[in-house]
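A quick write-up on the structure given underneath.
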Amino acid sequence: MRTLCIAFFLILLAAAASPAADNRIVADAAIAGIIMLAGNFRLILELARDQLQYLKAPPERLQMLEAAVPSSYWEDLKSYDPLASARKLRRPILILQGERDYQVTMNEFELWKSGLQDYEDVTFKSYPKLNHLFLEGEGKSLPSEYDKPGHIPDYVSADIADYVNRALRS
């Protein structure tokens, strides 16, 4: 007799990559773990302010961004605590970060590491050549990189596969 075991990993990408992509989703017992790529720790508006400074954009752009969506959206985000949400998950977490990412920077990655230093099952990995889209490049990352077609490098896929296989064995 053969037994079939299926496990699901919730993969969170970029702006939606905070572990609270909703604890209600993760409460599902079928979720075996969480994989975050470029997950923000701080509020989106704080990240946006930093991004605009990096791009040397006028400060009015932040006001334009705030005005582009209902205020209820921003109010909801203000009440969200990514670290508290991550701690409630009680699932293995893999956090991946591109070191050339100017949208979700290494500062966010370091905040996750600090905030989850005593979390039972978390793995952190950063990649020196990768930007926000997990595409390789050299030097300062710029928005023009996003116009170039590309693929996530095999070494990132391999790291994710290794993590999933280890998590399923434990």
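The values are calculated or read from the model by the stated rules, or taken from the named source; none is laboratory data. These numbers come from a predicted model, not from an experiment. No Cβ is skipped: glycine too gets one built from the backbone with ideal geometry, and neighbour counts run over all protein chains shown.
Applying the criterion of being acidic (Asp, Glu) and assigned to a helix (DSSP H, G or I) to the residues of the range 41-81, the residue that is surrounded by the most Cβ atoms within 10 Å (Cβ to Cβ) is 50. Regarding residue 137, is this residue surrounded by 14 or more Cβ atoms within 10 Å (Cβ to Cβ), of a type outside the set (A, V, I, L, M) and touching an Asp or Glu at 6+ places or on another chain (Cβ under 6 Å)? Against the criterion (surrounded by 14 or more Cβ atoms within 10 Å (Cβ to Cβ), of a type outside the set (A, V, I, L, M) and touching an Asp or Glu at 6+ places or on another chain (Cβ under 6 Å)), residue 137 qualifies.
Once the range 107-132 is narrowed to residues that are in contact with a strand residue (DSSP E or B) (Cβ under 8 Å, 6 or more places away or on another chain) and of a type in the set (A, V, I, L, M, F, W, C), the residue that is farthest from residue 167 (Cα to Cα) is 130.
Only one residue in 124, 134 is in a loop (DSSP other than H, G, I, E, B), of a type outside the set (Ser, Thr, Tyr), under 20 Å from residue 36 (Cβ atoms) and under 15 Å from the mean Cα position of the chain (by Cα), so which one is that? Can you show your working first?
On the way: 124 fails: in a loop (DSSP other than H, G, I, E, B).
From the options 124, 134, the qualifying one is 134.
Of all the residues in the range 143-167, those that are in contact (Cβ under 8 Å) with a residue 60 or more places away in the chain and either assigned to a loop (DSSP other than H, G, I, E, B) or surrounded by 14 or more Cβ atoms within 10 Å (Cβ to Cβ) (or both) number 6.
Taking only the range 82-116 into account, find how many residues are assigned to a loop (DSSP other than H, G, I, E, B) and free of Cβ contacts under 8 Å to residues at least 40 places away in the same chain. Full working, then the answer.
Let us first name the residues in the range 82-116 that are assigned to a loop (DSSP other than H, G, I, E, B), namely 90-92, 99-105, 116.
Next, from what is left, pick out any that are free of Cβ contacts under 8 Å to residues at least 40 places away in the same chain: 90, 99, 116.
Number satisfying all stated conditions: 3.
I'm checking my understanding of the structure. Among residues of the range 82-96 that are modelled with pLDDT of 85 or more and in contact with a strand residue (DSSP E or B) (Cβ under 6 Å, 6 or more places away or on another chain), which one is surrounded by the fewest Cβ atoms within 10 Å (Cβ to Cβ)? Per the stated criteria, the residue is 92.
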